[in-house]
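Each remark here refers to the structure printed beneath this line.
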Amino acid sequence: MKKIINDPANVVAEALTGLAAAHGDLVSVHLDPDYVVSVDAPRRGKVGVVSGGGSGHEPLHAGFVGYGMLDAACPGPVFTSPTPDPILAATKAVDGGAGVLHIVKNYTGDVLNFETAAELAAAEGVGVEAVVIDDDVAVRDSLYTAGRRGVGGTVLAEKIVGAAAQRGDDLAAVAALCRRVNDNVASMGMALDSCTVPHAGKPTFELGPDEMEIGIGIHGEPGRERVPLEPANAIVERLLAPIVEDMPFESGDRTLLFVNGMGGTPLMELYVAYAHAEKVLAQRGIAVERRLVGNYITSLEMPGMSITLLRLDEEMIELWDAPVHTPALRWGR
Amino acid sequence: MKKIINDPANVVAEALTGLAAAHGDLVSVHLDPDYVVSVDAPRRGKVGVVSGGGSGHEPLHAGFVGYGMLDAACPGPVFTSPTPDPILAATKAVDGGAGVLHIVKNYTGDVLNFETAAELAAAEGVGVEAVVIDDDVAVRDSLYTAGRRGVGGTVLAEKIVGAAAQRGDDLAAVAALCRRVNDNVASMGMALDSCTVPHAGKPTFELGPDEMEIGIGIHGEPGRERVPLEPANAIVERLLAPIVEDMPFESGDRTLLFVNGMGGTPLMELYVAYAHAEKVLAQRGIAVERRLVGNYITSLEMPGMSITLLRLDEEMIELWDAPVHTPALRWGR
Amino acid sequence: MPSDDLPMTTRDLLRVIADYAAVVAANRTYLIELDAAIGDADHGENLDRGMKAALDRLAEADPGTPADVLQTVATALISKVGGAAGPLYGTAFLRAATSVRGRGELGAADLVGALRAGLGGVVARGKAEVGDKTMVDAWDPAVQAAEQVVTAGGSTREALTAAADAAEEGMRATIPMIARKGRASYLGERSAGHQDPGATSSALLFRVFADVADHSS
Amino acid sequence: MPSDDLPMTTRDLLRVIADYAAVVAANRTYLIELDAAIGDADHGENLDRGMKAALDRLAEADPGTPADVLQTVATALISKVGGAAGPLYGTAFLRAATSVRGRGELGAADLVGALRAGLGGVVARGKAEVGDKTMVDAWDPAVQAAEQVVTAGGSTREALTAAADAAEEGMRATIPMIARKGRASYLGERSAGHQDPGATSSALLFRVFADVADHSS
Ligand SMILES: Nc1ncnc2c1ncn2[C@@H]1O[C@H](COP(=O)(O)OP(=O)(O)O)[C@@H](O)[C@H]1O
Ligand SMILES: Nc1ncnc2c1ncn2[C@@H]1O[C@H](COP(=O)(O)OP(=O)(O)O)[C@@H](O)[C@H]1O
Ligand SMILES: [Mg+2]
Ligand SMILES: [Mg+2]
Ligand SMILES: [Mg+2]
Ligand SMILES: [Mg+2]
């Protein structure tokens, strides 16, 4: 394993220390339990927005703490959801009396730990609403399974919902908006190779030199199928087809197209993919009105990408465009 | 070779098409010859700022075209400097009558092609000044060699100089400032493994499972030495020592610390490195007043990082903080 | 009650926890590898971190009753493991603790009651059924086997040995299953052919219980 | 002038360019590999792109004189190759073109004059000296060898063969050198032990000249 780390056991704490040092104007970092909180929090009367999950997906979530997005993030160990302790501490730290929204990616561990924390917070008098994001169309959903994973849609939900909380919407409205974003977003990812979890010390899976994994999870969980490597345009079509079909997205829809790098993909390749994705959507009459291209929800150094498509309405557009100032996403101030 | 591309021969043009599609509000892209120009350019009376070089270092340079930074970028083929044609075309496209600054990284090819373009531009009545950036302390400099390479300092020069041009400084002043930035900046990089150039189809070099390359170039050129892999803190010290010594940076200096990913390094690792770098500098009395952490000048998917340190003065701080709005760097608007 | 059936004391239970922590540490890589195949390569790391924390807290807390031991382990797991396994194992230990609150030592009936309560906790939190390819596939047959032995008048040692055997059988039975819960469920049919990591760590736990009962009897 | 010494015509020169384009295409990977060792793995790709562009432009331009051929190649290389090799080879062809402007065909003296002018262009742009581990290490001995043959009254064919031999020797001589110019110079002492890609592509060019002279004579 080749990584720029000191000790796998300390990598999260050391990275958070670096985050605090580099962005002390925006966030402060608490260690043991680990959480990152906006320097502006808590703000009296503002709904606190908290997310979290295993580390290794940076900049998600800690890189999105700041003005107009998250009030706090709870980074667990690499690829392992945080325990209730930091979630509870973060929830209390950002409560300004208007309650706190938990944005939870749909993984059994995340859901269970956030649930426990929310119960504990309620017992201490902090009102919590939780919205579970489950936008990954690679996974078959049913009552009898763990359901779909939360992936790229989480980034969009955090931005849009964070802006709503920033302008003063109440907890019920913010939670309803978050559900609306989740109901209108679909994602699908792929990988050219595995990532390597620091504490595991070797790649999570092996792919042949001409294979790729379609429907990969952001933890390097194997995907829907393993197929021969294809040109970028064919990969884009392979990801877009189930996304468009699932929602379904239809001619006339206004959308936000998000092409996300998994961590080890050159920006050049993401733009190659973006070019084709927008073209394919245009052919179907789907209008791309906002876009995001880059590494925002990653799997350590995994080479690969995901595509996320969000159906926009006027309010979502306004909130997407609203100012945001976090370590990883910034505009308008 | 595993990449999200269609044909190695078209990768630059397709990526530029994606860039134009995703950031049409900021840039327009011309193909054959390839260059990217700000939608605001040319602006009457404003010095045009143009940079360029081989592709594969994204977001450098095309990702820095826009308000307050570059007016145009000339991306050559992967790792190959552009020819004079696009440089000349871009230079003419951004000339608002106040002349054009060429920011050139010190590689034989870049210098020769920019030189030729500048001569041709002069023949067409466009005044050009060129500043060559050569901040890489990994390379021994002498009258009898090609000198130091231009690396991370280029990003900082483009931001600071772009802000000066934006506020209306004249060509002589902008060029002098660019030289001042170059005189006060030093960088050093390392890699854990090679990148793979699309047209080459296989890694540029091979490293053993426990080796790293110190002093690597941004084109995967082999570096100063190949040594056993070390913990992050030791790597940081190995990069910082020659940087600090070279300038030299001294107690009391005010600096901008830039920890840059080479493309395949998780953000988490960059923050681990950042934390230690700031600490080591503090121990020497060197104050970090501004910082940049992320993938800004890359080598395709190379795992590794570089550290750049710039000695700041009041004017540079003011220009660094000035609004910038480009695809890859944005604040203040 | 058969002659070889000594009750399980607080000391015995501490020994179970210490031994299990050692077994998890020894199987850390194995559990990571099982999880890499159908999950995210952290189950061994998670449990190892949790059991080390449990040992630390037990050393500090110096618990006086079996319920105290179980409760201390529960809170350590809940606050240190994270992921799916943290709340699931944590709740199991918590409910087990509650079920034996007040007891100074645990007879066979107490023990199977605690195991039943633990299983109830796992199911309450995780909503998995037998056949979903989770730790429930080890726990459910283990608890049933132990109950049968005790109902038939068997000893603690016999009950726990039967539980351990059944857990291992249940663990192996997860291999052909298609996962319907937890991270492995994302794989659909591709999850078949791999042994579930949580069922494996559970089988290891039941075996430690049986071994300690064996030695202390 | 020896009996076998025919002048080089525009057609001959077009054949040189066509053959060299084919040789570069055939050696594309080899040149990339040489460049990967001490540079950035693009020399073969760069020259291949440039020579293909040169062929395209020659087909369009239908040049009437040797100078037209050389000038067309020069502008194609300058505007299509980029990197260090583009301006260097481009300037070499440009200066060679200028030196034979007005000639309908090239005698031995014209040819060595053109080569000398080409070398002058490489040195003017790149400022490298013999021993710096660049294409100059192939060009300089090649031009000298050709001049000696012609001064001694040898034929074009003999001059170009001597140039090709000397260029190849110069190319091999770059192996132990420590680079002082171009990208390989960043390697310092680690550049020793590798053959310079630009010297290699130059030696290939001189060999093509010799072969064409050989066949047309
Ligand atoms: N809903 C569930 N009910 C019961 N057990 C579950 C459930 N979900 C997951 N598990 C168990 O948890 C194990 C995975 O634990 P671990 O790897 O530590 O957590 P994570 O999946 O969050 O990475 C699985 O092997 C499975 O036995
Ligand atoms: N200053 C110079 N003078 C002469 N030749 C040079 C000089 N710099 C580089 N070269 C030649 O150019 C070759 C590299 O060309 P190429 O790989 O196409 O360009 P780049 O180095 O820009 O990638 C070297 O092998 C060397 O022979
Ligand atoms: Mg996990
Ligand atoms: Mg090059
Ligand atoms: Mg796991
Ligand atoms: Mg090269």
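The relative contact order of the stretch C:9-167, computed from alpha carbon pairs under 8 Å that lie at least 6 residues apart in sequence, is 16 percent. Computed over protein heavy atoms with a 1.4 Å probe, the carbon and sulfur contribution to the accessible area of chain A reaches 49%. Taking a Cβ cut-off of under 12 Å around A:HIS30, the surrounding Lys, Arg, Asp and Glu residues balance to a net charge of -2, with basic ones at +1 and acidic ones at -1. Note on the stretch B:1-49 and the stretch C:1-72: Cα centroid distance 58 Å, given to the nearest whole angstrom.
The residues packed around C:ALA173, meaning those with a beta-carbon under 11 Å from its beta-carbon, carry a net charge of -3 if Lys and Arg are +1 and Asp and Glu are -1.
Here the convex hull built on the C-alpha positions of the stretch A:45-131 has a volume of 72 cubic angstrom per residue. Sequence-distant contacts, meaning Cα pairs under 8 Å at least 6 residues apart, place the relative contact order of chain B at 18 percent. Burial here means at least 50 square angstrom less accessible surface with every protein chain in place than with the chain by itself, probed at 1.4 Å; in the stretch A:270-299 the buried residues are A:TYR271, A:VAL272.
Across identical copies of the chain, B:ASP32 has label-point separations of 6.4 nm, listed in ascending order, with the point defined 7 angstrom from Cα along Cα→Cβ.
Here's the list of aspartates and glutamates a cross-link from D:LYS133 could span, going by alpha-carbon distance under 18 Å and ignoring same-chain residues fewer than 8 apart: B:ASP141, B:GLU221, D:GLU33, D:ASP35, D:ASP40, D:ASP42, D:ASP165, D:GLU168, D:GLU169, D:GLU189, D:ASP196. Here the protein assembly as shown is assigned +1 on the Cβ of each Lys and Arg and -1 on the Cβ of each Asp and Glu. Its dipole about the Cα centre then comes out at about 1220 debye.
About the centre of its Cα atoms, chain A shows a dipole size close to 440 debye [charges on the beta carbon of Lys, Arg (+1) and Asp, Glu (-1) only; nearest 20 debye]. Between A:ALA22, A:ALA172, A:ALA72, whose Cα lies farthest towards the positive end of the dipole of the stretch A:8-184 when Lys and Arg beta carbons carry +1 and Asp and Glu beta carbons carry -1, centred on the Cα centre? The residue sitting most towards the positive pole is A:ALA172. The residues of chain D expose on average 37 square angstrom of accessible surface per residue, using a 1.4 Å probe on protein heavy atoms. Taking the centroid of alpha carbons for each part, the stretch D:171-190 and the stretch B:259-331 are 32 Å apart. Working value for the stretch B:185-313: equivalent-ellipsoid semi-axes of 26, 14, 13 Å, each the square root of 5 times a Cα gyration tensor eigenvalue, largest first. Kirkwood radius for the stretch B:8-184, taken over all pairs of different Cα atoms as the inverse mean of 1/r, rounds to 15.7 Å. Using a 1.4 angstrom probe on protein heavy atoms only, the contact between A and B buries about 4300 square angstrom of accessible area, both sides summed. Accessible area per residue for the stretch A:107-222, computed on protein heavy atoms with a 1.4 Å probe, is 31 Å². Note on the protein assembly as shown: antiparallel DSSP beta bridges, both residues inside, total approximately 55 percent of the bridges counted. If you take the alpha carbon atoms of the stretch C:8-215 and fit the smallest convex hull around them, that volume is 93 Å³ per residue. Here the dipole of the stretch D:84-145 is about 220 debye; that uses its Cα centre as origin and unit charges on the Cβ of Lys and Arg (positive) and Asp and Glu (negative). On the protein heavy atoms, probe 1.4 angstrom, tell me the percent of accessible surface of the stretch D:8-215 carried by carbon and sulfur. For the stretch D:8-215, the apolar C and S fraction of the accessible surface comes to 52 percent.
Legend: calculated FRET efficiency, A:ALA176 to A:ASP25, from the Cβ-Cβ distance at R0 = 35 Å, rounded to 0.05, equals 0.60.
Residues of the stretch C:38-55 whose accessible area (probe 1.4 Å, heavy atoms of protein chains only) drops by at least 20 Å² once all protein chains are present, relative to their chain alone: C:GLY39, C:ASP40, C:ALA41, C:ASP42, C:GLU45, C:ARG49.
Solvent-accessible surface of the stretch B:272-333, taken per residue with a 1.4 Å probe and all protein chains present: 32 Å². Distances between every pair of Cα atoms in chain B, grouped in 20 Å steps from 0 to the bin holding the largest one, split as 34, 59, 7 percent. Of A:ILE214, A:ILE317, A:ILE87, which is the most mobile in a GNM of chain A whose springs link Cα atoms less than 10 angstrom apart? Answer for the Gaussian network model of chain A: A:ILE317.
Within the shell defined by Cβ-Cβ distances under 15 Å, the residues around D:ALA128 carry a net charge of +1, with Lys and Arg each +1 and Asp and Glu each -1. Distances, shortest first, from the label point of B:MET1 to those at the same position in the other copies read 3.1 nm; the point lies 7 Å along Cα to C-beta. Is the stretch A:100-183 rounded, prolate or oblate when judged by the Cα gyration tensor, a ≥ b ≥ c being the square roots of its eigenvalues, rounded requiring a/c under 1.5 and prolate requiring a/b larger than b/c? Here the stretch A:100-183 falls in the oblate category. Nearest to the axis that brings chain B onto chain A is this chain B residue, judged by its Cβ, with the distance in whole Å: B:GLY264, 2. In the stretch A:8-184, what percentage of the DSSP-assigned beta bridges are antiparallel, given to the nearest 5? Of all bridge pairs located within the stretch A:8-184, approximately 25 percent are antiparallel. Using C-alpha pairs under 8 Å with a sequence gap of at least 6, the mean separation divided by the residue count of the stretch A:185-313 gives a relative contact order of 35 percent. With R₀ set to 60 Å, the beta-carbon distance separating A:ALA287 from D:ALA109 gives a calculated FRET efficiency near 0.30. Hey, what number do you get for chain A at 222 nm if only DSSP H runs of n ≥ 4 count, each worth -39500 (n - 2.57), divided across all residues, to the nearest 500? Calculated mean residue ellipticity at 222 nm is -10000 deg cm²/dmol. Partner lysines whose Cα lies under 19 Å from the Cα of A:LYS105, excluding those fewer than 8 positions away in the same chain, are identified as A:LYS159, C:LYS127, C:LYS181.
For the stretch C:33-136, the list of trypsin sites (Lys or Arg not before Pro) that fall in a loop by DSSP and count at most 15 other C-beta atoms within 10 angstrom reads C:ARG101, C:LYS127. Between chain D and chain B, the total buried accessible area stands at approximately 2600 Å², from heavy atoms with a 1.4 Å probe. Between copies, D:ILE175 shows label-point distances of 5.7 nm, shortest first, with the point placed 7 angstrom from Cα along Cα to C-beta.
Looking at the stretch B:132-203, the trypsin sites (Lys or Arg not before Pro) that sit in a DSSP loop and have at most 13 other Cβ atoms within 10 Å of their own Cβ are B:ARG140. For the options B:MET247, B:MET316, B:MET302, a Gaussian network treatment of chain B with springs between C-alpha atoms closer than 10 Å singles out B:MET247 as fluctuating the most.
Of the residues B:PRO198, B:ILE286, B:MET268, the one whose Cα sits farthest towards the positive end of the charge dipole of the stretch B:185-313 is B:ILE286 (charges of +1 on Lys and Arg Cβ, -1 on Asp and Glu Cβ, taken about the Cα centre). Across q = 0.07, 0.09 Å⁻¹, the protein assembly as shown modelled as identical point scatterers on its alpha-carbon atoms has Debye log10 I(q)/I(0) values of -0.68, -1.01, in the order of the q list. Take D:171-184, B:198-211, B:256-269 and order them by the average number of nearby Cβ atoms within 10 Å per residue, most first; the result is B:256-269, D:171-184, B:198-211.
The values are calculated or read from the model by the stated rules, or taken from the named source; none is laboratory data. Given the structure is predicted, the values throughout are model-derived calculations rather than measurements. Virtual Cβ from ideal backbone geometry, glycine too; neighbours counted across all protein chains shown. Only protein heavy atoms, including side chains, enter the accessible area calculation; ligands, DNA and RNA are left aside. Shrake-Rupley method; radii C 1.70, N 1.55, O 1.52, S 1.80 Å.
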